[in-house]
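K.L.:
I have a structure here, written as structure tokens, and I will follow up with some questions on it.
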Amino acid sequence: MLSYSGGFADTAAELIDYEEAGLDLAVVPEAYSFDAVSQLGYLAAKTTRVELASGIIQLYTRTPTLTAMTAAGLDYVSNGRFCLGIGSSGPQVIEGFHGVPFDAPLARTRELIEICRKVWRRETLVHQGKHYQIPLPPEKGTGLGKPLKIINKPVRDRIPIILGAVGPKNVALAAELAEGWQPLFYLPERAAAVWGESLAEGLAKRDPALGALDVMVSAPFAITDDPELAHATHRHALALYIGGMGAREKNFSNALVRRYGFEEQAGLIQDLYLSGRKREAAAAVPDDLVRNTCLVGPVDHIRERLAVYAAAGVTTLQVAPMAATHAARVDSIAQLRDLVDELSQD
């Protein structure tokens with residue numbers, strides 16, 4: 001997961017070295033910063049092998065057709081290395097920054113995926129759903145709309161779609177329709193209890209042609225004999241999301257931590273964070289949640305945790321290197337590459 005706050009050139013220079021060290025996939029987030037597409041296009045021109053993904057392009061900020069066109073364009077400039085990561089974001093960003101209603105995320109996601117795949121197959125686009133009508137009916141416009149298909153031939157007629165999802169219904173939707181699922185703060189020891197039923201529900205409806213669901217899990221990452229500093233950094237990030245990333249009434253991270261079984265702590269963290277007591281909020285984050293949602297420690301510990309993630313069904317590990325220097329981060333990626341290869345051989 002790349003930073004959305006730095007410069008494109010610096011990020012690209014780092015990514016080139018990660019690519020040489022064995023990195024498979026780089027993910028560009030989109031919050032309320034520079035758009036993800038600009039950076040993805042820049043990185044496509046600077047890299048040769050590593051896959052690139054949006055993580056996530058927000059559901060409400062582009063029409064489904066534009067999302068499909070953008071994905072096809074990024075897949076073209078990267079020679080077939082792009083994955084479309086999509087998600088709903090949250091009402092604070094969607095309504096507060098973009099000024100559009102945050103409504104019907106499940107139904108809109110389902111329609112968007114259907115429209116994207118029609119565009120990539122170069123079908124003449126006709127879609128009359130509840131939330132998107134293409135062409136627009138005469139009573140909603142001029143009546144001059146004409147069914148069209150994308151002019152260019154996409155590199156692939158099915159670009160992989162990764163759905164960022166946390167809630168039960170959204171996770172079931174990801175398992176049914178998407179090539180990949182990206183959860184938040186994945187705790188492998190409790191994942192089955194929280195998401196197992198939703199995954200089973202979605203997988204029961206899944207088209208076999210989609211292949212196996214790619215379970216893509218994010219984790220801060222550092223190979224170190226002294227994990228205290230990295231744990232502290234992760235602890236503060238967790239406090240931000242659990243306590244302050246979203247309104248009190250609608251905070252997806254807080255709801256997830258409650259479902260993990262930390263209901264009392266989640267309430268306390270939110271109360272402290274929203275009252276400005278951020279250090280106390282971080283201190284209230286449970287130690288188990290800190291340690292087991294990151295990949296931090298000596299090599300033997302990393303090896304053990306990789307096996308735990310794999311046993312929980314994780315197929316792609318999306319790490320955020322935390323070493324202090326670029327050289328150390330590159331070295332850690334190379335070591336992780338070796339550990340993953342070792343695990344896959346076992």
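Yes/no per residue for (1) buried (at least 19 other Cβ atoms within 10 Å of the Cβ); (2) farther than 15 Å from residue 293 by Cβ; (3) at pLDDT 95 or above:
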position	(1), (2), (3)
154	yes, yes, yes
158	no, yes, yes
163	yes, yes, yes
167	no, yes, no
170	yes, yes, yes
180	yes, yes, yes
185	yes, no, no
189	no, no, yes
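K.L.:
So, one more: Anything in the stretch 17-56 that is within 18 Å of residue 71 (Cβ to Cβ), out of contact with any helix residue (DSSP H, G or I) (no Cβ under 7 Å at 6 or more places or on another chain), buried (at least 16 other Cβ atoms within 10 Å of the Cβ) and in contact (Cβ under 8 Å) with a residue 24 or more places away in the chain? List them, or say none.
P.N.:
25, 27, 36, 51, 53, 55, 56
K.L.:
Residues that are basic (Lys, Arg) and in a loop (DSSP other than H, G, I, E, B): does the stretch 38-47 have at least one?
P.N.:
No: zero hits.
K.L.:
Just checking, does the stretch 268-286 include any residue being crowded, with 22+ Cβ neighbours inside 10 Å and within 17 Å of residue 195 (Cβ to Cβ)?
P.N.:
No, because not a single residue in the stretch 268-286 is crowded, with 22+ Cβ neighbours inside 10 Å and within 17 Å of residue 195 (Cβ to Cβ).
K.L.:
May I pose another question? Among residues belonging to the stretch 119-152 that are within 19 Å of residue 83 (Cα to Cα) and out of contact with any helix residue (DSSP H, G or I) (no Cβ under 8 Å at 6 or more places or on another chain), point out the one that is surrounded by the fewest Cβ atoms within 10 Å (Cβ to Cβ).
P.N.:
Among those that are within 19 Å of residue 83 (Cα to Cα) and out of contact with any helix residue (DSSP H, G or I) (no Cβ under 8 Å at 6 or more places or on another chain), it is 121.
K.L.:
Taking only pairs six or more apart or across chains, which ones have beta-carbon atoms under 8 Å, a first residue in the stretch 260-281 that is in contact (Cβ under 8 Å) with a residue 40 or more places away in the chain, and a second residue that is assigned to a loop (DSSP other than H, G, I, E, B)?
P.N.:
Cβ pairs passing all conditions: 260/187.
K.L.:
I've got another one for you. Under the condition of being buried (at least 24 other Cβ atoms within 10 Å of the Cβ) and in contact with a strand residue (DSSP E or B) (Cβ under 7 Å, 6 or more places away or on another chain), which residue from the stretch 68-82 is farthest from residue 17 (Cα to Cα)?
P.N.:
So, considering only residues that are buried (at least 24 other Cβ atoms within 10 Å of the Cβ) and in contact with a strand residue (DSSP E or B) (Cβ under 7 Å, 6 or more places away or on another chain), the one farthest from residue 17 (Cα to Cα) is 71.
K.L.:
Can I ask one more? Which of the numbered conditions does residue 136 fail, given that it passes all the others? Conditions: (1) within 30 Å of residue 79 (Cβ to Cβ); (2) in contact with a Gly (Cβ under 6 Å, 6 or more places away or on another chain); (3) free of Cβ contacts under 8 Å to residues at least 60 places away in the same chain; (4) of a type in the set (A, V, I, L, M).
P.N.:
Residue 136 satisfies every listed condition except (1).
K.L.:
Can you tell me how many residues within the stretch 49-78 are under 17 Å from residue 8 (Cβ atoms) and assigned to a loop (DSSP other than H, G, I, E, B)?
P.N.:
3
K.L.:
Do you know which residues across the stretch 83-97 are more than 19 Å from the chain's Cα centre (by Cα) and either without any contact (Cβ under 8 Å) to a residue 12 or more places away in the chain or buried (at least 24 other Cβ atoms within 10 Å of the Cβ) (or both)?
P.N.:
95, 96
The values are calculated or read from the model by the stated rules, or taken from the named source; none is laboratory data. From a predicted model like this one, the values you see are computed outputs, not experimental measurements. Reconstructed Cβ throughout: ideal geometry from the backbone, glycine too, with neighbour counts over all protein chains shown.
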